[in-house]
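**Student:** Following this message is one structure expressed as structure tokens.
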Amino acid sequence: MAKDILTQIVARKIADVEKARQKLPLSEIKARAAAASPSRPFLEQFNGEKQSTVNIIAEVKRASPSKGPIRPDLDPGTLAAAYTAGGAAAISVLTDTPYFRGSLDDMVAAKAAVDIPVLRKDFILSAYQIYESRAHGADAILLIARILSAGQLRTLYQLSKSLDMDVLLEIHAEAEIETARAVGARLIGINNRNLKSFQTDTQTAMRLAARLGPGCIPVAASGISTTADIKANLAAGIHSFLIGESLVQAADPTRLLQELRSGQAR
């Protein structure tokens, strides 16, 4: 039986991180992380009074394993600037190369073009990648509960916070909620997409958000593209969203973001 997509991605990521480590030792990447400019606050973009507004993390995404090329020729700086003009709360940049055609260079270019915080979205499995993220200017990172043990998640979460990077902790199943609580995560990304099959069910975030409990800020991800999607999530108590493909493919991403935030999209 063929391996599921997630297993393939993780196996490739382990090999790629080892190659990166051989090219640039951990000691050097740590030094670069220590010398990086201060990070931009990420959590506050979704906290406090922002919890009653529509907050969108707009994604720079060239391709995906399920859809193939989405917009391989995009300019990350230009797209990030368009997102900022549309009122994005933050920028997410996919930096995985083999499956998403992204890179750390994309993240660097996106951050240079905007003044809002930037999230590195990747399959992060090791401390090396945490230091690498800060060295390249990430203000926050994504950690995926499904691909980490409870111990790994706690260690990587704490390391990220020690480097002044916020964490968007991604879950997909109810069993992962307690894991997220145990590490003290505030921002909980609820992925409507099953990373093993890459099938999407937009009810997932709405179902799990009700079980998070006080202190957690849910962020619905995957399959969000219309005002109807936004309104359905708002009714379920979700005010923050990570939106990628619909924005990347939009003829005018600035306008689409404005419409989604104001509830006027069709």
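**Student:** If the requirement is being surrounded by 18 or more Cβ atoms within 10 Å (Cβ to Cβ) and in contact with a strand residue (DSSP E or B) (Cβ under 6 Å, 6 or more places away or on another chain), which of these qualifies: P69, P76?
**Tutor:** Just a single option satisfies the conditions, and that option is P76.
**Student:** While we're on this one: Considering only residues that are of a type in the set (A, V, I, L, M) and closer than 12 Å to A80 by Cα, look in the range 244-256 and name the one that is surrounded by the fewest Cβ atoms within 10 Å (Cβ to Cβ).
**Tutor:** Once the filter is applied, the top-ranked residue is V248.
**Student:** Still on this model: One residue is enough: does the range 81-98 have a residue meeting the conditions in contact with a Gly (Cβ under 6 Å, 6 or more places away or on another chain), in a loop (DSSP other than H, G, I, E, B) and β-branched (V, I, T)?
**Tutor:** Scanning the range 81-98 turns up at least one residue that is in contact with a Gly (Cβ under 6 Å, 6 or more places away or on another chain), in a loop (DSSP other than H, G, I, E, B) and β-branched (V, I, T).
**Student:** Could you tell me which of the residues E59, E18 is at pLDDT 95 or above, of a type in the set (D, E), within 20 Å of the chain's Cα centre (by Cα) and under 24 Å from T97 (Cα atoms)?
**Tutor:** Going through E59, E18 in turn, the sole match is E59.
**Student:** Let me ask something additional. May I ask you to list the residues in the range 101-146 that are outside any loop (DSSP other than H, G, I, E, B), within 11 Å of the chain's Cα centre (by Cα) and within 23 Å of N194 (Cα to Cα)?
**Tutor:** The answer is L119, R120, K121, A140, I141, L142, L143, I144.
**Student:** Could you tell me which numbered condition G151 fails, if it satisfies all but one of (1) of a type in the set (G, A, S); (2) assigned to a helix (DSSP H, G or I); (3) modelled with pLDDT of 95 or more; (4) surrounded by 18 or more Cβ atoms within 10 Å (Cβ to Cβ)?
**Tutor:** Among (1) of a type in the set (G, A, S); (2) assigned to a helix (DSSP H, G or I); (3) modelled with pLDDT of 95 or more; (4) surrounded by 18 or more Cβ atoms within 10 Å (Cβ to Cβ), G151 violates only (4).
**Student:** Restricting attention to the range 163-202, which residues are within 16 Å of the chain's Cα centre (by Cα), at pLDDT 90 or above, more than 20 Å from S39 (Cβ to Cβ) and assigned to a loop (DSSP other than H, G, I, E, B)?
**Tutor:** H172, N192
**Student:** Identify, from the list A82, A90, A135, the residue that is aliphatic (A, V, I, L, M) and crowded, with 23+ Cβ neighbours inside 10 Å.
**Tutor:** Answer to the check: A90.
**Student:** Can you tell me which residue among I238, I217 is aliphatic (A, V, I, L, M) and in contact with a Leu (Cβ under 9 Å, 6 or more places away or on another chain)?
**Tutor:** I217
The values are calculated or read from the model by the stated rules, or taken from the named source; none is laboratory data. Because the structure is predicted, anything quoted here is derived from the model rather than measured. Reconstructed Cβ throughout: ideal geometry from the backbone, glycine too, with neighbour counts over all protein chains shown.
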